[in-house]
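In what follows, a single structure is set out as structure tokens and then discussed.
Nothing in this text is a laboratory measurement; each read-out follows from the coordinates by a stated rule. These figures come from a predicted structure and were not determined experimentally. Backbone-built Cβ (ideal geometry, glycine too); neighbour counts: all protein chains shown.
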Amino acid sequence: MSQYLEGIQGPAQVKQLSLDQLRTLAEEIRQEMITGLARNGGHLGPNLGVVELTIALHYVFNTPKDKFVWDVSHQVYVHKLLTGRRDRFRSIRGTGGLSGFALRSESEHDSYGAAHAGTALSAALGMCAARDQRGSDENVVAIFGDAALTNGISFEALNNVSQTTKRFIGILNDNEWSIAKNVGAISAYLNKLITHPSYNKLTKDFERFLRRLPKGEVALKLAHKAEEGFKSAFTEVALYPNTAAAEDGRGGYGNSLIFEEMGVRYLGPIDGHNLPLLITTLEFAKSCDHPIVIHVLTQKGKGFEAALKNPEKFHGLGPYDVATGATLPVKAGTAPNWQDVFGQTMVKLCQKDTTIIGITAAMPSGTSLKYLEKAMPERYYDVGIAEEHAVLFACGMATMGYHPVCAIYSTFLQRAYDCIVHDAALQDLPVIFCMDRAGLSPQDGPTHHGLFDISYLRHVPNCTLMAPKDEDELVDMMFTATHERHATFIRYPRGPAEGVPIKDQPRLLEIGKAEVIQSFSNNGGRKVALFPLGNMMRLGRQVAEQLAGEGYDVAVVNPRFAKPLDAGVTEFFARAAEILVTFEDHAVTGGYGSAVLELFNEKRISTPVIMVGWPDQFIEHGSSVDDLRNKYGLTVDNTVTKIRAEFAQAPTLRESVVA
Ligand SMILES: Cc1ncc(C[n+]2csc(CCOP(=O)(O)OP(=O)(O)O)c2C)c(N)n1
């Protein structure tokens, strides 16, 4: 039983606690997260790092009137616990449960939804502009990580702050980690601010200052009572930084060239686990009439030994053992993950072809490009959370004779759409895109599902788009892509592949050529042609089996290519069949099935098409792919029922066409 957490119905109760009680609350929150997430997993590490920061934010500000805009928002678990969602907390990321991210429809305290990085500063600045327009007085606080700061959009926003508003509060939550270790010059710069000798000295100064408060202790109430005196002294520290530190250009307390030159007051770095320091600093920020960024140092995984030891693993993970932090071993006989096959194949391809290069946008482990990083670091680039840059960087390399491979999740590649069209495709550059998580990312939900890439790529000229039915074909497709002279996209889902053996020597596939898995047997049954794209082959085969058991004559074709379609094979089976079924782990709108319909229109083929795929709506999060497929009918039973219904509906029409 917790002493305080259970009594927290909303931020109002947080404000009533004393400093000691807040500290106990912080411990209780850590315990609840460590034990509560063990069964289903989640973003444990980042949330353990922001316990004190989130408590302080709710202590000082008043949501929902004041607005918190969390970047990525994978670190909002503490915020959820403090804003009336404690009793549903353990449902997080599961079917029907709380979202793992901020979600406007979930709570009035979630002022802005997110899960892609780099959006917080811009959105918060927009809120500030709206506030100033309408003359209201709410505070807007953007909370963003050190890796999110490396994202281009964050800088676009910073560039725009001082000309837009006088009241803007940014919290730079710096734990030195992206998912992997943060990379790049910005990260190095932040590190300089932290390790500068003036940091410790001035922090001590600040502590000394706090101790000078009445009763000589760092006590919240007292800090508040002494507000005016405190603020002016604080301002002095902030406005007149250590000059030596400023002169050598390395920043120092109260001085950071990057922020200051952008017209944004910089304050910090401060200890993000020191509650009174956080509270007093936030109080100060609230009173400022100029834009301000507070640099807060936090420890990812604080309070859980296993998470501290392995920040990358505990950034986001599945079920784990509360005592040891150990995750479940992979069951014997489980097929390798698609991404691991991708990563290992990259190493093999790079060993044979010196023009191949691997590029990730801050996702070395998610995409498994880590294998290349380890084996051939000189052929590997982590460009940070910067998908547009990743694609343009690849385009630049491609102009110089290289074959860059961008390993980017389908959902994150959305951000680089213009670079795909304007740079890769228009210039007809041989960049290879391996789109991981094409399909569902069930526990993350709509922000992470990769259900739109076929639609957003299919109409772009000069592009080839393929989807492997199994891991052996993934290797063939990667090999084939390295021989292409155009932009080539390969989509494959998250998790285990099919468990088929992988040939020693990959095969060059003919572009735009489908694979006939099973032709009609002419057994006298009604003819159905199944075209399952990519990982939908398994479902397609199950449907074929069921239909065959019911006496249908079934053909199964592996389309391989969503672009270019194999027009010949598709037309042949379409004309031979009475019904054609397309399957795709993708939105049906504008997807592979739509491409088939366009072909039918062009060739004046009138065979009915049933399209199995995701409906035209955002698919929520759920505990598993199966949960969501069952809900939306991407199942054997539902497909077979539709086929039967189609035959029942127009039995004679088609017969007359066939005749
Ligand atoms: C556009 C985009 N690319 C990649 C990701 C994957 N991603 C999620 S969190 C994260 C790291 C965020 O690090 P930081 O901003 O420092 O926050 P922390 O987790 O350290 O609190 C990344 C790369 C994403 N969410 N959005």
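What to note about this one:
- Basic side chains Lys and Arg get +1 at the Cβ, acidic Asp and Glu get -1 at the Cβ, and with that the dipole of the chain about its Cα centre reaches some 840 debye.
- Here the relative contact order of region 1-138, from alpha carbon pairs under 8 Å that lie six or more residues apart, stands at 24 percent.
- Intensity falloff of region 22-170 expressed as log10 I(q)/I(0), Debye formula with alpha-carbon point scatterers, at q = 0.09, 0.14 Å⁻¹: -0.28, -0.66
- For region 30-89: span of alpha carbons on each principal axis (Å, largest first): 34, 22, 17
- Ellipsoid semi-axes in whole angstrom, largest first, where each is sqrt(5λ) of the Cα gyration tensor of region 485-545: 26, 16, 13
- Share of pairwise Cα separations in the chain, more than 41 Å, in percent: 35
- Per-bin percent of Cα-Cα distances, region 269-308 [5 Å]: 6, 21, 24, 19, 14, 8, 5, 3, 0
- Neighbour net charge for Asp472 - beta-carbon separation under 10 angstrom, K R +1, D E -1: -2
- Length-normalised contact order of region 494-623 in % [C-alpha pairs under 8 Å, at least 6 apart]: 25
- Environment charge at Gly36 (Cβ cut-off 10 Å; Lys +1, Arg +1, Asp -1, Glu -1): +2
- Dimensions in Å of region 414-564 - Rg and Dmax from alpha carbons: 16.9, 52
- Going by neighbour counts of Cβ atoms within 10 Å, the residues Tyr592, Tyr381, Tyr4 line up, fewest first, as Tyr4, Tyr381, Tyr592.
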